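> Sharing a structure here in structure tokens format.
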Amino acid sequence: MIQVQLHWYGGSVSQLAIPKRLQSTATIYFRIQELTRCQTDHAIADQLNAEGHQTAYKRRWTARHVLSFRRFHNILSAFDADPGARLPDTTYITGTEAGQRLGVKRDTIHAWCQLGILTSRQDGPNKRFWIHWDEDVRYRLSGDATPLANMVSVRWLCATRGEKRPQIFAWALKHRLPIYRLERGWQKPFYILFQDAPDPQT
């Protein structure tokens, strides 16, 4: 890496590290490095194309080009399928990883995303699901949460309101009611935590 110091009017100094071998311009290198903190490779490719940037071979950027560029220059990303190439402070993990942590199948994770139980990002149809993950998500959905008196089971709500689970989840999300899984023997059914919420029968 080449270390560069920029001295600005006013006395401030900025330091930049630029690889000795670049597959493109320094502008693109720093732009990709910036975008990897908040965008997937697909979204980065779209952004670079929208800004008029081209690859070293004068082609439009694709997700594969971005991935190759990142790998060559050892640029970590918040959205890398390889945990070793992922930014350590990212708040997103893959659907497979989420399934492993919550003890369910990946298809179940995708279903929970569609129901709104989990927050996710996806670049388009058949693209990878990226699951928002933090300690709150782990606590609420792992089954480790402490049962509280004001928690009501989704099963009871379905029977009381005459609705199916997707409708109950949509209702809970509309009223911003936290959704939990509680360990009940060998099962971990869903519960809704009521906090100054409307009557569950209305």
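The values are calculated or read from the model by the stated rules, or taken from the named source; none is laboratory data. Everything numeric here is computed off the predicted structure, so don't read it as measured data. No Cβ is skipped: glycine too gets one built from the backbone with ideal geometry, and neighbour counts run over all protein chains shown.
> For the stretch 38-52, what are the residues that are over 24 Å from residue 131 (Cα atoms) and surrounded by 13 or more Cβ atoms within 10 Å (Cβ to Cβ)?
The answer is 48, 49.
> Right, another one. So how many residues does the stretch 172-202 have that are aromatic (Phe, Trp, Tyr) and at pLDDT below 95?
Residues flagged as aromatic (Phe, Trp, Tyr) and at pLDDT below 95 within the stretch 172-202 amount to 2.
> Next question. With the requirement that a residue be in a strand (DSSP E or B) and either surrounded by fewer than 16 Cβ atoms within 10 Å (Cβ to Cβ) or touching an Asp or Glu at 6+ places or on another chain (Cβ under 7 Å) (or both), what does the stretch 172-196 give you?
Residues satisfying the conditions are 184, 187.
> Here is a list of conditions, (1) within 18 Å of residue 189 (Cα to Cα); (2) at pLDDT below 95; (3) in contact with a strand residue (DSSP E or B) (Cβ under 7 Å, 6 or more places away or on another chain), and residue 91 meets all of them except one; can you say which number that is?
Only one criterion in (1) within 18 Å of residue 189 (Cα to Cα); (2) at pLDDT below 95; (3) in contact with a strand residue (DSSP E or B) (Cβ under 7 Å, 6 or more places away or on another chain) is unmet by residue 91, namely (1).
> Considering only the stretch 53-63, state which residues are surrounded by fewer than 16 Cβ atoms within 10 Å (Cβ to Cβ) and at pLDDT 95 or above.
Correct list: 60 only.
> Pairs please, first residue from the stretch 121-133 and in the same structural domain as residue 40 (by TED's automatic domain parsing), second anywhere and assigned to a loop (DSSP other than H, G, I, E, B) and modelled with pLDDT of 85 or more, Cβ atoms under 7 Å, 6+ apart in sequence or on different chains.
none
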